[in-house]
Amino acid sequence: MNTHVQMIDEVAELVRSGAIGSEEPWQGADVVICQKAPPPTRGFYPDPRFVETEFVAELSWLFVRLRNVFWKAEGYGAWKEEFFGRLGNVATKYQVAAHGLTCTNLLLAVIHEAYAMAEEIADTGGIATMMLTWDNRILDDFTEITDLNAYLSTEETTQFLKGLGLT
C-alpha cells in the first residue's frame with residue numbers, strides 16, 4: 001500500500017475520532033490560514049492565497065500533519081505551492097458549499113483532497129503544476145471539479161472514507 005495513503009489514514013482517524021489538535025496559523029507555501037484576509041497589497045510580490053475560516057487553529061494543525069506526510073516526497077519543493085494551494089482551495093470551496101459546516105467535516109474534505117494528491121503522486125511521480133505562474137496562481141485555479149479535487153459534498157467525502165474503512 002502507498003505509504004502516503006497509510007499516513008493520511010492515521011491523520012483521518014485522528015480527525016474522525018475527535019482528536020483534532022491546534023497550531024499557530026499556517027503560513028507557508030504561499031498559503032495563509034486566517035479568520036479574515038487583509039485587503040490586497042498590490043505590491044511587487046503577489047499576496048499569498050488566504051484561506052478564511054473560523055477553524056484557523058484546527059485547519060493549521062491539519063496542514064502541519066499533511067506537510068509531515070509529504071515533505072520527504074521526491075519533488076516536494078517543486079510542487080508544494082500546488083499541494084497546499086489545492087488544500088486551501090478545497091477548504092475555501094467546501095465552506096461555501098457545505099450545509100451545516102463543522103470543523104470535522106471541513107478537515108475531512110481537505111483530507112479527501114490529500115488522498116487524491118497521494119494517488120496522483122503514486123501514479124505520476126508528482127503533482128501537476130504550472131511551469132510559469134503569476135499572481136500566486138496554481139494549476140488548480142484553472143481546473144474544474146475533477147477526481148483530483150473531488151471535495152464535492154460532505155456525503156461524498158463520507159462515502160469515500162467509508163470505502164477506506166475509516167467511518
Quiz prompt | Set GLY28, GLY18, GLY43: member being among the small types (Gly, Ala, Ser) and without any contact (Cβ under 8 Å) to a residue 12 or more places away in the chain | solution = GLY43
Quiz prompt | Only listed residue being surrounded by 15 or more Cβ atoms within 10 Å (Cβ to Cβ), among the acidic types (Asp, Glu), modelled with pLDDT of 95 or more and over 23 Å from GLY165 (Cβ atoms), chosen from GLU24, GLU58, GLU54 | solution = GLU58
Exercise. Residues being in contact with a helix residue (DSSP H, G or I) (Cβ under 7 Å, 6 or more places away or on another chain), surrounded by 20 or more Cβ atoms within 10 Å (Cβ to Cβ) and within 24 Å of THR129 (Cα to Cα): count how many of those fall in region 70-107.
Key: 12
Exercise. Kindly check whether there is at least one residue in region 32-53 that is among the hydroxyl-bearing types (Ser, Thr, Tyr) and over 26 Å from TRP134 (Cα atoms).
Key: no
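The values are calculated or read from the model by the stated rules, or taken from the named source; none is laboratory data. Since we're looking at a predicted model, the values are computed, not measured. FYI the Cβ positions are ideal-geometry reconstructions off the backbone, even for glycines, and counts take in every protein chain you see.
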